[in-house]
């Protein structure tokens with residue numbers, strides 16, 4: 001391994017990147033777009049569900065119930081209906097995702113202390129939103145009912161019941177339960193994975209396709225020098241993207257970073273080494289830019305999105321698929337970043353995942369070195 | 001070649017063979033190239049020229065046979081060979097998005113040219129390639145001849161004793177081609193061995209010695225003048241008004257083996273030129289023809305060699 005050669009290759013490779021707008025696009029523009037797109041648009045929180053109301057009762061009692069809905073941040077009233085067809089229309093056109101029907105005899109039954117049914121119609125085509133809004137609607141109704149009951153008891157001179165079990169929740173790590181805080185560290189992992197493998201998947205293949213590789217393998221350069229020299233500039237780009245991501249998280253999205261910044265960088269450096277080498281390995285084996293970039297996308301992007309726990313919790317997956325997630329490094333990196341970002345965990349607890357990432361990087365680099373032969377064919 | 005001491009041999013091949021599946025690309029080539037020679041490897045496309053040169057550079061393992069380059073074995077010591085050769089492949093080996101200087105600097109780093117010599121070698125390449133006022137130009141903007149000389153310069157930055165050039169002048173204009181050959185002579189004059197493949201006959205004439213390869217086999221080997229003596233018959237050049245019409249009639253004359261259009265006239269391959277010329281003039285008396293015996297060109301030789309080969313096959 002001669003440093004002169006490594007640095008000559010790194011320098012040349014760096015020039016390729018800064019002169020090729022496509023590489024620059026993958027390396028710099030895509031991460032920025034993804035950060036903002038996902039940062040702003042990708043939220044799993046359900047609020048301001050559009051609500052339409054058919055108030056057949058039109059009494060102070062019914063209006064009190066409805067104001068319970070409209071006053072909550074989970075619902076936003078989009079209009080009143082006067083018939084079922086109007087409700088159907090509103091839900092069909094997605095103007096409303098929940099409809100509330102208050103019966104004519106609502107006030108009378110409440111006053112009489114008799115049970116009364118209020119109808120909620122939900123758009124189940126988006127099951128996630130439907131589930132959440134149903135829960136919210138039940139909570140709002142329960143609050144109203146309790147208020148009515150207590151008022152009635154007071155009126156009849158009874159003391160409100162003393163016994164009751166109450167749950168006092170205390171949410172750790174993400175006390176506002178902002179899904180963005182949970183998604184963002186995962187997003188960094190996705191970005192690192194995708195750009196790293198995509199960028200390097202082109203390097204060796206391009207030299208084979210253009211014909212410069214034939215020249216290179218007829219020189220005394222070694223495979224190790226080529227691999228290291230080609231890794232370095234992309235590693236620098238990856239670290240630059242990471243810095244960018246951490247800054248965007250801090251400045252634009254106020255993502256809490258409870259752990260040490262250096263740990264974010266250290267974990268990412270280890271992960272980057274593996275992801276970059278994976279792209280390089282694909283490039284070495286396929287010798288075709290098109291094939292290499294397609295394979296890189298399939299083995300990085302898809303598992304990083306679906307199997308890393310970035311959005312879909314691994315614990316909810318069927319067991320065989322859970323086993324499958326262990327194969328992909330994105331899983332460990334997402335866990336690591338969340339641990340550092342949200343929980344502020346120390347090295348001891350993160351060491352295991354970090355070691356696995358390091359092991360993967362070493363294995364892939366070794367395999368690349370074995371697979372790269374200074375021969376044609 | 002048998003009496004040349006081994007240390008004076010730059011390239012030596014014994015029964016070198018390369019198969020790709022059922023296809024035999026190079027078949028039992030045996031050959032010695034002494035140091036300081038400009039050796040031309042001549043043959044049509046697909047004859048096995050590039051395959052041979054790749055095996056010599058240690059980037060393509062042979063199927064069987066042996067070979068040494070600069071005294072190193074092409075199979076077991078291919079990495080030592082790579083420090084002792086300059087190889088210019090058929091495809092352009094330069095990085096088109098890099099400037100002239102960046103390309104030179106890159107190869108200078110790859111060959112680890114000593115710091116003290118780096119600048120001098122760089123200037124040498126730039127001057128040799130005539131790129132003094134294009135140092136900062138992107139390589140993609142250069143014309144073929146320039147690219148060629150720059151590629152050669154990059155391949156020989158480390159002043160290798162043996163230089164392999166695979167069709168270095170294909171697709172380059174004639175003037176650039178000539179200056180490229182002047183460069184080859186300059187390098188040979190400085191003591192380098194140059195192993196060059198080509199399919200241009202006029203380039204072949206410039207070589208000290210030639211190997212003619214066809215169908216993977218070396219079918220002739222020697223200096224251009226020696227090779228011409230191998231020609232089994234004599235050649236009569238005929239100039240007349242309608243050579244195409246005359247061709248059939250002339251070919252049927254006794255003692256004429258073959259007639260072919262050549263430039264504005266015809267070349268006849270004949271048993272005996274002196275006996276044939278009067279008959280030729282008689283046959284096409286209508287158009288005031290001229291006919292004279294000429295020395296066979298390399299092309300005449302190779303056409304006849306090829307015909308012999310295909311008859312055997």
Can you tell me, using C-alpha contacts under 8 Å and at least 6 residues apart, the relative contact order of segment B:232-295 as a whole percent? 46
Just to be sure I understand: if I project the alpha-carbon convex hull of segment B:65-202 onto a plane and average over all orientations, what area do I get in nm²? 9.0
If we restrict to alpha carbons, what Rg and Dmax does segment A:91-209 come to, in Å? 26.1, 90
Just A:195, A:282, A:52 to compare: in a GNM of chain A, with alpha carbon springs under 10 Å, which one fluctuates most? A:52
Distance between segment A:242-292 and segment B:173-211 - C-alpha centres, whole angstrom: 51
With the convex hull built on the alpha-carbon atoms of segment B:219-302, volume per residue in Å³ sits at 87
Based on the mean of other beta carbon atoms within 10 Å per residue, what is the order of A:41-48, B:63-70, most packed first? B:63-70, A:41-48
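If packing is taken as the average count of other Cβ atoms within 10 Å, what order do B:207-216, B:117-126 fall into, highest mean first?
Top of the packing list down: B:207-216, B:117-126.
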Select from A:280, A:272, A:243 the residue whose mean-square fluctuation is largest in a Gaussian network model of chain A (Cα-Cα springs shorter than 10 Å). A:243
Any chance you could give the angle, 0 to 90 degrees and rounded to 10, that helix A:127-155 forms with the longest Cα principal axis of chain A? 30
Treating the angle as unsigned and between 0 and 90°, give the value, to the nearest 10°, between the Cα long axis of helix B:144-155 and the longest Cα principal axis of chain B. 50
Convex hull over the Cα atoms of chain B, averaged projected area in nm²? 19.5
Counting only helical runs of four or more DSSP H residues, what would the 222 nm mean residue ellipticity of chain B come to if each run contributes -39,500 (n - 2.57) and the total is spread over all its residues? -11000 deg cm²/dmol
Cα-projected label distance for residue A:127 with residue A:84, points at 7 Å along beta-carbon direction, nm: 2.6
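Per-residue Cβ counts within 10 Å, from other chains only, averaged over A:202-215: what number is that?
Per-residue shielding by partner chains comes out at 4.
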I need the calculated FRET efficiency for the pair residue A:367 and residue A:29, taking r as the beta carbon distance and R₀ as 35 Å, to the nearest 0.05. 0.70
Averaged across the residues of A:9-22, what count of C-beta atoms belonging to other chains lies within 10 Å of each residue's C-beta? 3
Angle check, please: helix A:3-19 long axis (alpha carbons) against the longest principal axis of chain A (alpha carbons), in degrees 0 to 90, nearest 10. 50
For segment A:1-55 versus segment A:57-108, the gap between their alpha-carbon centres in whole angstrom: 43
Average projection area in nm² (convex hull over Cα atoms of the protein assembly as shown, one quarter of hull surface): 48.9
Distribution output for chain A: share of Cα-Cα pairs per 10 Å bin in percent, first bin at 0, values 5, 19, 22, 17, 14, 11, 7, 4, 2, 0, 0
What is the distance in Å between the Cα centres of segment B:123-172 and segment B:243-280? 45
Evaluate the distance, in nm, between pseudo-label points positioned 7 Å from the Cα of residue A:291 and of residue A:375 along their respective Cα→Cβ axes. 1.8
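Per DSSP H run of n ≥ 4, the term is -39500 (n - 2.57); total these for chain A, divide by its residue number, and report the mean residue ellipticity at 222 nm rounded to 500 deg cm²/dmol.
-20500 deg cm²/dmol
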Could you list, bin by bin from short to long, the percent of Cα-Cα pairs of segment A:49-155 in 10 Å steps? 14, 48, 29, 7, 1
Report the per residue volume, in Å³, of the convex hull enclosing the C-alpha atoms of segment B:218-258. 110
Beta bridges by DSSP in chain B, antiparallel share as percent, to the nearest 5: 65
Could you give me the radius of gyration and the Dmax of segment B:164-252, taking only the C-alpha atoms into account and expressing both in angstrom? 17.4, 53
Quick one: order B:114, A:225, B:251 by neighbouring beta-carbon count within 10 Å, fewest to most. B:114, B:251, A:225
Please find, in a Gaussian network model of chain B (springs between Cα atoms separated by less than 10 Å), the residue of B:50, B:297, B:83 whose mean-square fluctuation is greatest. B:83
Average partner coverage of B:154-164, which counts Cβ from other chains inside 10 Å: 1
Taking only the C-alpha atoms, wrap a convex hull around segment A:1-64 and report its volume per residue in Å³ as a whole number. 135
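Coordinate-derived values only; no laboratory data. On a predicted model such as this, the values are computed, not experimentally measured, just so you know. Glycine also receives a Cβ, built like all others from the backbone with ideal geometry; neighbour counts cover every protein chain displayed.
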